[in-house]
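Undergrad: Quick one: structure below, then a few questions.
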Amino acid sequence: MAIENHKDIFTLSDAERLVGPLAFNLMIKPAGSLCNLGCSYCYYLDKAEIYKGKEPVMSMEMLETVVRKYIEACEVPHVTFNWHGGEPLVLGKDFFRKAMEFERKYADGKAIHNTIQTNGILLDKEWTDIFREGNFLVGISIDGPAEIHDRYRKDRKGGPTLEKVLRGISILQRAGVEFNTMTTINKASEGKGVQVYEFLKSIGSHYMQFMPVVEHIKDGKIVPPGTVEAEVAPWSVSDIGFGKFMCDIFDTWIRGDVGKYFVGHFDAALAGWCGAQPGTCAYAETCGGNAVVEHNGDVYMCDHFVYPEFRLGNIRENSLKEMLNSMEMIRFGLNKRNSLPSKCLKCQWVRICNGECPKHRFTAADGRLEGLNALCRGYEMFFNHTAPYMQKMRDIIFTAQKQPPRP
């Protein structure tokens, strides 16, 4: 395909990624948006509308196709299946037993791993047996103590859910199943970073992911960046609220928890200081390595862009390799870097945050309708606050590796 403009030009690192062994994450949504909860801020509940209001589940035939084609497409020795939702446990235990059977059938000498993100409410002893057998890392969605968690994470009848989640965590702990936590930072979290962090420590979480919730809505529905007349959703965290939340947690962590508790944002920031690849796609320079497959086999470019215009094809009819290496996917990935506003390009922290996730790029910059990240001021606060410590940790790492310190 002919290069139409400078945004179709990619760097040497882009070229190396495209011509090297294909390695990517595939988030599998076997139950689509089907869930046993009705969280206020969930960006996936309305995806059923794409499929005419239905919420069907993945068939056994489609499950086998997904497992086989994903393993075949991954040109690396380790393959990780990321089971997500909605709530994947609503599919039942036999579904995942069958998934593991297909994984063994098509492994072809590759090491197979599984991760699953769940609200934890349906967990029981039998589930833990499945997780141990299938080498599952379990992610639990939990937002903090009751006054924070139950504000937006409610059941279908509007009731609280924290006690049910804690019961599920207790089952995992008694069975010795490893878990980490995924915690949203929303309006109810503002000013309570230390409270949330200490709560997560108290329930046994040593690996914490924090996900800022900044959504825009129109006519009551969450919409993608660029939507005309969209408004900030009432549950969204403010930019400064987000920055303070992360700074407060960092101040507690740096005093006594380094090496004992691990926070995704801190690891990713330190990776940026060290010139390494971040562990989260939000901080990566480009997108494109985290596709999504829906219950019917439809493949989308990203979990946060499951809209018809971002559909790549269907796994039943199309090769995963062809879809992941298509010009549409390449342009989607490069657009993260190429669409950065001039404010970002002049910023000293762009090498670390890379404009963060495109789903948050709603804000006007430089007096024009450019996509500045809605959390920009919060990230500036966090990076400025942590810089002396990050520089020191970087220097310690480089000294241990006998590398020259970087400026």
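Undergrad: Could you tell me which of Gly120, Trp253, Pro212 has its Cα farthest along the dipole of the chain towards the positive end, charges placed at Cβ (Lys, Arg +1; Asp, Glu -1), taken about the Cα centre?
TA: With unit charges placed on the Cβ atoms, the residue in question is Trp253.
Undergrad: Taking only C-alpha pairs under 8 Å that are 6+ residues apart, what is the relative contact order of segment 113-268 in percent?
TA: Working: 235 pairs, mean separation 33.3, N = 156.
That works out to 21 percent.
Undergrad: With the calculation restricted to Cα positions, what are the radius of gyration and Dmax of segment 181-235 in angstrom?
TA: So, for segment 181-235, Rg and Dmax equal 14.6, 43 Å respectively.
Undergrad: Quick one: compute a quarter of the convex hull surface over the Cα atoms of segment 101-240 and quote it in nm². Please list the in-between numbers first.
TA: Numbers: hull surface 45.8 nm².
Projected over every direction and averaged, the Cα hull of segment 101-240 covers 11.5 nm².
Undergrad: Please list, in chain and number order, the residues 5+ apart from Asn180 or on another chain whose amide H is under 5 Å from its amide H, with Hs placed from the backbone.
TA: Val138, Gly139, Ile140
Undergrad: Next question. For segment 50-80, which GluC sites (Glu not before Pro) are both in a DSSP coil and crowded by at most 13 other Cβ atoms within 10 Å? Walk me through the numbers before you get to the answer.
TA: Numbers: sites: Glu61, Glu64, Glu72, Glu75; in loops: Glu75.
Those that pass, being in a loop and sparsely packed, are Glu75.
Undergrad: How are the C-alpha pair distances of segment 296-377 spread across 10 Å bins, as whole percents from the shortest bin up?
TA: Pair shares across the bins are 17, 41, 26, 14, 2.
Undergrad: Still on this structure, please answer the following. Taking the Cα centre of segment 277-345 as origin, sum charge times position over the Cβ atoms of Lys and Arg (+1) and Asp and Glu (-1), and report the length of that vector in debye to the nearest 20. Display every interim value, and only then the final one.
TA: Working: 7 positive and 8 negative charges, 61 e Å.
About 300 debye.
Undergrad: Additional query: Cα centroids of segment 61-106 and segment 199-236: how far apart, whole angstrom?
TA: 28 Å
Undergrad: Quick test of your reading: applying the under-4.7 Å Cβ rule, which cysteines of the chain are isolated?
TA: Cys35, Cys74, Cys247, Cys274, Cys281, Cys287, Cys302, Cys344, Cys347, Cys353, Cys357, Cys376
Undergrad: Counting other Cβ atoms within 10 Å, which GluC sites (Glu not before Pro) in segment 180-246 have at most 16 and lie in a DSSP loop?
TA: Working: sites: Glu190, Glu198, Glu215, Glu229, Glu231; in loops: Glu190, Glu215, Glu229.
Hits after loop and neighbour filter: Glu190, Glu229.
Undergrad: Sticking with this one: Over 10 Å intervals from 0, what percent of Cα-Cα pairs in the chain sits in each interval?
TA: With 10 Å bins starting at 0, P(r) equals 4, 21, 32, 29, 12, 1.
Undergrad: Which of the trypsin sites (Lys or Arg not before Pro) found in segment 213-264 are in a DSSP loop and have at most 11 neighbouring Cβ atoms, other than their own, within 10 Å?
TA: Values: sites: Lys218, Lys221, Lys244, Arg255, Lys260; in loops: Lys260.
Loop-located and lightly packed - Lys260.
Undergrad: Between Glu147 and Thr80, take the C-beta separation as r, use R0 = 41 Å, and let me know the FRET efficiency to the nearest 0.05.
TA: Numbers: r = 35 Å, r/R0 = 0.86.
Step by step, r from the Cβ atoms, then E = 0.70.
Undergrad: Normalized C-alpha radius of gyration of segment 15-144, against 2.2 N^0.38 Å? Numbers along the way, then the final one.
TA: Working: Rg = 15.5 Å, N = 130, 2.2 N^0.38 = 14.0 Å.
Against the empirical 2.2 N^0.38 Å value, I get 1.11 for segment 15-144.
Undergrad: Over segment 188-252, with the other protein chains present, what is the accessible area per residue in square angstrom, probe 1.4 angstrom?
TA: Details: 2650 Å² over 65 residues.
On a per-residue basis, 41 Å².
Undergrad: May I pose another question? For Lys346 paired with Lys98, estimate the spin-label separation in nm (one decimal), with each label point 7 Å from Cα along the Cα-to-Cβ line.
TA: 5.8 nm
Undergrad: Mean residue ellipticity at 222 nm from the helices of the chain, using -39,500 (n - 2.57) per DSSP H segment of n ≥ 4 over the full residue count, to the nearest 500 deg cm²/dmol? All intermediate terms of the calculation are to be shown ahead of the outcome.
TA: Numbers: 14 runs with 154 residues, N = 407.
Here the helix-only value at 222 nm equals -11500 deg cm²/dmol.
Undergrad: Mind listing the long-range amide H neighbours of Thr80? Cut-off is under 5 Å, sequence gap 5 or more, other chains count too, H placed in the peptide plane at 1.01 Å from N.
TA: His113
Undergrad: Something else about it: Could you work out what % of the accessible surface of the chain is carbon and sulfur, using a 1.4 angstrom probe and leaving DNA, RNA and ligands out of the count?
TA: Values: 9980 of 18460 Å².
The nonpolar share, carbon plus sulfur, comes to 54 percent.
Undergrad: Want the number for Asn36 to Ala107: 0.36 nm per residue separation, take away the alpha-carbon distance, what's left?
TA: Details: separation 71, 0.36 × 71 = 25.56 nm, distance 3.20 nm.
So the extension gain works out to 22.4 nm.
Undergrad: At 25 °C and a viscosity of 0.890 mPa s, what translational diffusion coefficient does Stokes-Einstein give for segment 179-280, taking Rh as the Kirkwood radius over Cα pairs? Give it in µm²/s as a whole number.
TA: On the way: Rh = 14.9 Å.
Answer, rounded: 164 µm²/s.
Undergrad: Follow-up question, since we're still on this one. Report, in debye and to the nearest 20, how large the dipole of the chain comes out about its Cα centre when Lys and Arg carry +1 and Asp and Glu carry -1 on their Cβ. Let's see the in-between values first.
TA: Details: 49 positive and 50 negative charges, 119 e Å.
Computed about the Cα centre, the dipole is about 580 debye.
The values are calculated or read from the model by the stated rules, or taken from the named source; none is laboratory data. Everything quoted here is computed from the prediction, not taken from an experiment. Glycine gets a Cβ as well: all are built from the backbone with ideal geometry, and neighbour counts include every protein chain shown. Ligands, DNA and RNA are stripped out before the accessible areas are found, and what is left, the full protein with its side chains, is counted by its heavy atoms. Shrake-Rupley method; radii C 1.70, N 1.55, O 1.52, S 1.80 Å.
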